[in-house]
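Data first, discussion second: the structure below is written as structure tokens.
Read-outs: derived from the displayed coordinates by stated rules, not from any lab. Note that the coordinates shown come from a computational prediction; the quantities given were computed from them, not determined experimentally. Neighbour counts are summed over all protein chains in view; Cβ atoms, including those assigned to glycine, are modelled from backbone coordinates with ideal geometry.
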Amino acid sequence: MRARRKFPTVIATAVAFLLAVTGCALEEGPGSGGGTKDGRTVVRVGYLHTVAVDAHLWLGLAKGLFAKHGLEVKLVKFDTGIAESQALTGGSIDVAVMGAVLSNFPARGQGKVFLLNGVEYDTAQLWVRKDSGIRSVADLAGKKVATTQGTTGHVFLHTALKSEGVDPAKVTVVNSPMPAAVNALISGAVPAAAIWVPFDQQIRKSLPDARLITSAKRYYPKATVADGWVANNAYHAKNRATLTKLAAAWLDVNRLLVGDTAASLNVVHQQGYKNDATLQDVTRNYGFGKSFGNEQWAAYYRDGTAAGWIGQVTRTFVELGGLPEYRDPKTFFDTQIFLDAYNASKGS
């Protein structure tokens, strides 16, 4: 049970390191409950700069949809969900938008999930070196695989191994930040890497004979990772009306994003990615996820599908040793905030 012993230690070490290197660089906004001269409520929102996580943010800002609902969003960028979650727990941000970690820290009692953006349908991939002798997931037994523990890549790898009948304990997970994991594959330090897009582009460019063995869509919906919004516990308890306004703004944004995806992604690119990626890259990366219209989301919130996506990743974290025990998402996923905003939008 190697993974169950090491994973909690890795999380603790990573948190300490990441807070040390990122804590002093936060783009601090006004404190919780602050306001602007025109009466808007300031909300400090942490985010990861990936299309699956921050597309709604950039589109909403560009279209003035947060301001429409009386909000001023102050953005704080993070490199990992672990550092983001720690900042949320510490109170330096009010809300965080994140990926797989959404199913971990809130299950520890550190934050309340209240809104989902989408699901990572085919974001994660398994790449191997041509000279590795690896032709399938079954060949990973006894091999090293680089990935970032506690992330989408790690969850995908664990699900793929179990689905293909490979004992995860027989695979050595080499934990490192994703850029380093990719470089380890390219340099030959490891024969395989479980990554997420857009890191596949770096592999294709630097190691053109590398092989894509499998990807998350093969294991959908078992490998589904939900991306979404988490509120600080104290903020959730005291600012429910503000969170409902955030959900209302999100509904307006999502209507645009799903209704005219091409035009919306052009805005997302101009607002948040023009210095980081091409429009083609932004469109490509968005396509690895699944998005849903507001009515479909409401149905998923009501029938338990949304909670189920969160819960299955939480169970994976328990199996990996990253959580001491399973907690039902009902204890940390507040679906009513979204549903209240949705019902109000239908009546307006």
Exercise. Anyone know which of Thr123, Thr331, Thr41 comes out most mobile in the 10 Å Cα GNM of the chain?
Worked result: Thr331
Seminar exercise, completed: Counting only DSSP loop positions in region 95-195, the trypsin sites (Lys or Arg not before Pro) whose Cβ has at most 13 other Cβ atoms within 10 Å are Arg135
Seminar exercise, completed: Distance in Å, no decimals, from the C-alpha centre of region 50-76 to the one of region 129-174 is 37 Å
Exercise. So what is the orientation-averaged projected area of region 203-348, using the convex hull of its C-alpha atoms, in nm²?
Worked result: 11.9 nm²
For this session: Could you pull out every one of the lysines with an alpha carbon less than 21 Å from that of Lys330, ignoring same-chain neighbours closer than 8 positions?
Result: Lys112, Lys222, Lys238
Exercise. Kirkwood Rh, the chain, all Cα pairs: how many Å?
Worked result: 20.5 Å
For this session: Just rank Asp340, Asp328, fewest to most, by other beta-carbon atoms within 10 angstrom.
Result: Asp328, Asp340
Exercise. Mind checking which helices in the chain clear 18 Å along their axis (Cα) and have mean Kyte-Doolittle hydropathy of 0.0 or more, DSSP H runs only?
Worked result: 2-22, 240-259, 305-320
Exercise. What residue among Val95, Val182, Val171 shows peak mean-square fluctuation when the chain is described by a Gaussian network model with Cα springs under 10 Å?
Worked result: Val171
Seminar exercise, completed: For region 246-316, averaging the sequence separation of alpha carbon pairs under 8 Å that lie six or more residues apart and dividing by its residue count, the contact order in percent is 29 percent
Exercise. Counting other C-beta atoms within 10 Å, which of His56, His158, His49 has the fewest, and how do the rest follow?
Worked result: His49, His158, His56
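Going by C-beta contacts inside 10 Å, put Thr283, Thr172 in order with the fewest on the left. List each step's numbers first, then the result.
On the way: Thr283 17, Thr172 14.
Ranking Thr283, Thr172 by Cβ neighbours within 10 Å, fewest first, gives Thr172, Thr283.
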Problem set entry | region 124-219: C-alpha gyration tensor shape, a/c 1.5 cut-off, then a/b vs b/c | rounded
